[in-house]
1. Taking the stretch 65-77 as the search range and keeping residues that are in contact with a helix residue (DSSP H, G or I) (Cβ under 9 Å, 6 or more places away or on another chain) and loosely packed, with under 13 Cβ neighbours inside 10 Å, which one is farthest from Leu19 (Cα to Cα)?
2. Here are Leu60, Leu23, Leu19: which of them is touching a residue at least 24 places away in the same chain (Cβ under 8 Å), outside any helix (DSSP H, G or I), buried (at least 17 other Cβ atoms within 10 Å of the Cβ) and aliphatic (A, V, I, L, M)?
3. Looking only at the stretch 42-57, which residues are more than 18 Å from Tyr15 (Cα to Cα), not in a loop (DSSP other than H, G, I, E, B) and not β-branched (Val, Ile, Thr)?
4. Is it true that Ile5 is in contact (Cβ under 8 Å) with a residue 60 or more places away in the chain and either surrounded by 12 or more Cβ atoms within 10 Å (Cβ to Cβ) or touching a Leu at 6+ places or on another chain (Cβ under 6 Å) (or both)?
5. So for the stretch 78-90 (the condition being in contact with a helix residue (DSSP H, G or I) (Cβ under 7 Å, 6 or more places away or on another chain), assigned to a loop (DSSP other than H, G, I, E, B) and at pLDDT 95 or above), does at least one residue qualify?
6. Just wondering, is there one or more residues in the stretch 29-41 that are assigned to a strand (DSSP E or B), among the β-branched types (Val, Ile, Thr), out of contact with any Phe, Trp or Tyr (no Cβ under 6 Å at 6 or more places or on another chain) and at pLDDT 95 or above?
7. Can you tell me which residues in the stretch 26-48 are surrounded by fewer than 16 Cβ atoms within 10 Å (Cβ to Cβ) and without any contact (Cβ under 8 Å) to a residue 24 or more places away in the chain?
8. Has the stretch 64-76 got any residue that is assigned to a strand (DSSP E or B), under 12 Å from the mean Cα position of the chain (by Cα) and touching a residue at least 40 places away in the same chain (Cβ under 8 Å)?
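The values are calculated or read from the model by the stated rules, or taken from the named source; none is laboratory data. Computed from a prediction, not measured in an experiment: that's the story for all the values here. Quick reminder, even Gly has a Cβ in these numbers, built from the backbone with ideal geometry, and neighbours come from all protein chains shown.
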Amino acid sequence: MTKKIKIFHMETCPYCKKLMEGLDKLEIIYEKIDVDSKEGEKKFLKVYEVSKNENMPTILVNNKILIPEITFNTIEEALNLIKDLDSTTS
C-alpha cells in the first residue's frame with residue numbers, strides 16, 4: 001500500500017527534522033524521501049516540475065503539494081494542514 005503522505009527532505013534541514021518529529025509525535029504515517037539520494041532526487045524532480053519550487057520540506061499529501069513560504073509558514077501550520085488533508089481522505 002502506498003503511503004498518502006510523502007515528505008521530501010534533506011538530512012541537513014532542521015525544518016525537515018522538526019516536521020518529521022511532529023508527525024511521529026502525532027503518529028501520522030508518512031514516507032521520507034531524501035532528495036540527496038539518486039532515487040529521492042528523481043522522485044522530487046517530478047514534484048518540482050509541477051511546483052517549480054525547491055524549498056524543503058516539500059510535502060505531498062495525496063496529490064496536494066505543500067511548500068514552505070507558499071502553502072505554510074511554520075512547521076505547526078504544516079502539521080495542521082497535513083492533519084486536515086489526511087483526515088479528509090481517510
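1. Here the answer is Ile70.
2. Just one listed residue meets the conditions, Leu60.
3. Across the stretch 42-57, the qualifying residues are Lys42, Lys43, Leu45, Lys46, Tyr48, Glu49, Ser51.
4. So Ile5 fits the description; yes.
5. There is no residue in the stretch 78-90 that is in contact with a helix residue (DSSP H, G or I) (Cβ under 7 Å, 6 or more places away or on another chain), assigned to a loop (DSSP other than H, G, I, E, B) and at pLDDT 95 or above.
6. No, the stretch 29-41 has no match at all.
7. Glu27, Ser37, Lys38, Glu39, Glu41, Lys42, Leu45, Lys46
8. yes
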